[in-house]
Amino acid sequence: MNRSLGVCYYPEHWPEAQWAEDAARMVDHGITRVRIGEFGWSRLEPHPGEMRFEWLDRAMEVLGAAGLGVILGTPTTTPPRWMLDRHPDMLAVDAEGRVRGFGSRRHYCFSHPGYRHEAERITAKLADRYGRHAHLIAWQTDNEYGCHDTVLSYSAAARDGFRRWLADRYGSIEALNAAWGNVFWSMEYQRFDQIDLPNLTVTEPNPAHVMAFRRYSSDMVALFNCAQVKLIRQASDAPILHNYMGRVLEFDHFETGADLDIAAWDSYPIGFLSDRLDAPTEHKARYVRQGDPDFQAFHHDLYRAVGQGRWWVMEQQPGPVNWAPWNPAPLPGMVRLWTWEAFAHGAETVSYFRWRQAPFAQEQMHAGLLRPDSAPAPGLAEAAQVAREVADLPEVPEARAPIALVFDYASAWAWDTQPQGADFTYFDLVFDWYRTARELGLSIDVVNARDGTIGDYSVVLIPGLATLPDALLDALDQFQGTALIGPRSGAKTEEMAIPVPLPPALAGLDVTVSAVESLPPGIKVPLADGGAFHRWLEHLDTSLAPRERTCDGAPACVTHGALSYVAGWPDAAARTRMLRRACETAGVTTQDLPEGLRLREDGRHCFALNYGPEPVTWRGRTLEPAGVTWWDI
């Protein structure tokens, strides 16, 4: 596996006379790849049909001549203003019926056929012109699908597309009525064109209706992406990727990624800590300049799965960002740590956003590797240090981790649709188990729930999987390791109904969930061996002797053979005990790490990373805050 550093660059933002100097400085600091073009549509086509590629031709030549490989983005995330004159109804509409207008970015509805045609048109022109360019090394489609809550659109185009999608999926209105249970509240339809989008209803809409719209909206993202990929492949052999985001679950990244060669994501640890993580105030205060110790790693492992082994960080935070509620500067050394953490998890490329801080427009408060006056910002020296260090580290193949965590985007939609408890979120449940595994010193692989590829793992974690796919059920029947399943696994059909037999309906495991409770904040159900359930509790009917009980004697975890079912949302103490026991059963070694220290093994090395604000000592090595070290396994 080759490890490279990159940077995001916008030649259209800077005088052309500055390009060569910028490119030379990039190479001098160990950067070998540069992403351009993803926001450049208004300069590529300032008026409809008036193509101006010459500036991009020159930019690619200047960058390539300096020794940089170019990743070229399709500019479809920022359609120019004249596009609205052509397609005034292309804008997305929010759930309250408000049009989301021009003046920033991502101002399009995935369902709009006219805009989709325009996106394909500009993609085809770029692919024809640059598909065989000597300096092109990869393509990026669009930019950050789903960012700014842009997957779900309640426009007329989405309504019409949804109706067609429903007709294809169900075949007849009678089948749809039966699948959705529309006899309830007299919600039965006579024709598909009577069905509106599931918003602005008096009270909550039918969960089957909502879930169908979530599936449709996800499909629209995949179709939009697939159309660009097909056009690029006709003209280019370069690999194609998309840059996903952190904790954006509104579309199925596995389905979208199936057409791509590489998965990438945009890593902003400090911004995400402030903006996207449910954590106690004291936790956020401790890691305010470092980011959460597990949030980045989780997404590294997730996107390694989405990319089927090939993944990049396309945008790595190099300093304070502009978009979070508060934007502290990174602790010295964290840019290096974040970069090495990505490489430890198998990244081929880590690319910093951006080269120079923009002195204008919305992102002028977002730091780059250079200040607006072109003086070095603190992240530049750390990037250069990584470049020197990477050169001395041998390439190694990625190794399979001992632990698998099964992940499913549709489960996130299901529990958003019918959470039953105001604080029940699929991501938080999954992330709690992931964090516990990391605190025990374990390396983890994320597995697509629809694939069922769990056979080679020693321990498998399956929290909150709303519907258990047949492929996964078949794999569990043959599984020889230790699987921790639940809560809420197998609790819904694909149409958001309670299945009969009642969940979890696992072959060989005599367990039935007879009732469920959501627990308000501050309410816990203590477990006999320590720790407690919070947020969610299930009552089990079972003939099996419980492995865990509540303090009042009710079964909390039951085990038979390889399978264990966990009947609630365990707190940290209970999760640690349950996972440690599962690992002991499977012969997997766990370790008690100092707070803030994390380990990750690749095919040859063990990396140790100190997220904490104070030094830690581990196996005779002292790591300063933001310290990174590694050794041969």
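Throughout, read-outs are computed from the coordinates displayed, never taken from laboratory work. Because the structure is a prediction, the values reported are computed rather than measured. For neighbour counting, all protein chains shown are included, and Cβ atoms are generated from backbone atoms with ideal geometry for every residue, glycine included.
Couple of notes before you dig in:
- Of the GluC sites (Glu not before Pro) in region 11-62, those whose Cβ has at most 12 other Cβ within 10 Å and which sit in DSSP loop: none
- For region 476-627, the square roots a ≥ b ≥ c of the C-alpha gyration tensor eigenvalues yield an a/c of 1.5 or more together with a/b exceeding b/c, which makes the shape prolate.
- The chain, relative contact order [Cα under 8 Å, separation at least 6], %: 11 percent
- Protection-proxy order for peptides 154-165, 401-412, each taking the mean of Cβ atoms within 10 Å per residue, highest first: 401-412, 154-165
- Between the alpha-carbon centres of region 278-303 and region 57-116 there is a gap of 31 Å.
- Extended-chain gain in nm, criterion 0.36 nm per residue less alpha-carbon gap, ALA515 and LYS125: 134.6 nm
- Region 1-128, relative contact order in percent, only Cα pairs under 8 angstrom and at least six apart counted: 22 percent
- Point-to-point label distance, ASP474-HIS117, nm (Cα→Cβ direction, 7 Å offset): 4.2 nm
- Only Lys, Arg (+1) and Asp, Glu (-1) charged, at Cβ; the chain dipole about Cα centre in debye: 720 debye
- Positive end of the dipole of the chain (Cβ unit charges, origin at the Cα centre): among MET578, PRO378, ALA554, the Cα lying farthest that way belongs to PRO378.
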